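See below for the structure under consideration.
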Amino acid sequence: MNSDAIEISGDGFRYSAFVGRGLIAKAGEIARKVTDRKHCTIIADQNSAQFFSDRVCQALASRNFSPQLIAIPAGEKSKSLMHAGELCDEMIKAGFDRSSFVIGLGGGVIGDISGFVAAIFQRGIPHIQIPTTLLAMVDSSIGGKTGVNLEAGKNLVGVIHHPAVIICDVDALETLPPQELRQGYAEIIKHAIIRDADMFDDLLSSQVPIHRSGDALVELIRRNIAIKARIVAVDDRETSGERALLNFGHTVGHGIERATGFKIPHGDCVSIGMVAACAISIQRAGFSAEQRGQVVALLKKFSLPTQLPAGVDREKIIEAIAHDKKFLGGKIRFVVTPKIGDAHVSSDVTMDDIQAAIAAL
Ligand SMILES: NC(=O)c1ccc[n+]([C@@H]2O[C@H](COP(=O)([O-])OP(=O)(O)OC[C@H]3O[C@@H](n4cnc5c(N)ncnc54)[C@H](O)[C@@H]3O)[C@@H](O)[C@H]2O)c1
Ligand SMILES: [Zn+2]
């Protein structure tokens, strides 16, 4: 099984991501590779609990773990300080202490709040990620970012707390609704644009929808974990600028999310934001109109939107971006790409560039 693991390591952290089919049944065996502890809280949401918690508990019990499930409501609202506090209270009541650990079983919401709880409970206990959405497998479970939302905005409170291991059972995606699968593909296409031109070409030329073939999907997820792993290896705390590349499409994407009151899913907003980032890259980084066309074609192939829905107020998007970002001397740090697979942070992008790109959406 070890040969299948992808190593994620950097300054002060080293762990593996196991990716394959049927891995939930092996969760106990994999967890035993990284811990000799016994008691663990499995934090899940109602959906991930319903689909997977029995099998995860069984797998853990077979390796002499003593798991206890806590399920919270599904959805972004659960990523709050209040829920984090309640989870800690429940863990204390159930007798958990510093020698226990936490498993996050679910999508990015669960990964983020369970990781945050693991980071703060008794000043920090180990965390194991069992992501069950495509987005969580290729993006949020990797890199140690944990946290919750505040009224004032998303992910405003958090800690870097890397997991001890990540277990991606690709079979878990069989129950994932197409709309959620699409959110993961938006981040996969982002990875291709910033760092992997070959993956971009493979995705564009593949005839069979990737998600219909389990083995191809395993390969694709592995490839994406490796891309994110290479980025966090050198910059897990977002200091050198490398991790900022993961924000490609996100400046405008976040603006759209805020301007529409978070009614449009994140990946869909990022998809539209990537189209804007391509237009800005044409202006500021020598990106070609032909490659912009390929990006649009690939997003469409995965049923991702490439234009703003009718009725969205473009002014509001611009206000949200201006509120979010520091403009130094009228310029902003913005991820651009001169060609697919080769993104970098530019300090030359102006509000006029952004305005023009949004006007064209
Ligand atoms: N920590 C990071 O680096 C990072 C990176 C990107 C995103 N995020 C965070 O991730 C969150 C979004 O994650 P998400 O897109 O996975 O959303 P999510 O966790 O809300 O999951 C989406 C929906 O799918 C359901 N679900 C989960 N697994 C399922 C399965 N196998 N079958 C059927 N339904 C299933 C969930 O219950 C939920 O209703 C956001 O809060 C975002 O801030 C974090
Ligand atoms: Zn994103």
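Hydrodynamic analysis of the range 134-174 uses the Kirkwood radius over alpha carbon pairs. Inserted into Stokes-Einstein at 37 °C and 0.692 mPa s, it gives a translational diffusion coefficient of 280 µm²/s. Under 5 Å from the amide H of LEU69 lie the amide H atoms of ILE42, each residue being 5 or more positions distant or on a separate chain, with H modelled from the backbone and absent for Pro and chain starts. Available extension along the chain between ASP324 and ALA297 is 6.8 nm, counting 0.36 nm per residue and deducting the alpha carbon span.
Amide H to amide H distances under 5 Å link GLY106 with ILE130, THR132, where only residues 5 or more positions off or on other chains count and H is placed in the peptide plane.
Per-residue extension of 0.36 nm, minus the Cα-Cα distance of SER99 and ASP352, leaves a gain of 85.6 nm for this segment. A convex hull fitted around the alpha carbon atoms of the range 170-291 yields 131 Å³ per residue. Computed extension gain for LYS331 through GLU86, at 0.36 nm per residue and net of the alpha carbon distance, reaches 83.9 nm. Computed from phi, the 3J(HN,Hα) profile of the range 238-251 under the Karplus parametrisation 6.51, -1.76, 1.60 (θ = phi - 60°) reads 6, 10, 8, x, 5, 5, 4, 4, 5, 8, 3, x, 8, 4 Hz, with x in place of Gly and Pro.
Distances between placed amide hydrogens fall under 5 Å for ASN149 paired with SER80, LEU81, ASN155, all partners being 5 or more residues away or on another chain.
For the pair the range 159-189 / the range 11-68, the C-alpha centres are spaced 16 Å from each other.
Bridgeable lysines around LYS77 (alpha carbons under 30 Å apart, same-chain partners fewer than 8 residues away excluded): LYS93, LYS145, LYS154, LYS190, LYS228, LYS263, LYS300, LYS316, LYS325, LYS326. Across the range 100-230, counting alpha-carbon atoms alone, Rg and Dmax equal 15.3, 51 Å. Evaluating 6.51 cos²θ - 1.76 cosθ + 1.60 at θ = phi - 60° for every residue in the range 264-273, the Karplus couplings come out as 9, x, 3, x, 5, 5, 5, 4, 5, x Hz, glycine and proline recorded as x. Phi angles of the range 116-129 translate, via the Karplus equation with coefficients 6.51, -1.76, 1.60 and θ = phi - 60°, into HN-Hα couplings of 5, 4, 4, 6, 9, 5, 6, 6, x, 10, x, 10, 10, 9 Hz per residue; Gly and Pro are given as x. Convex hull volume per residue, computed on the Cα atoms of the chain, equals 126 Å³.
Values quoted throughout were computed directly from the atomic coordinates according to the rules given, and no laboratory measurement underlies them. Computed from a predicted structure; not experimentally measured.
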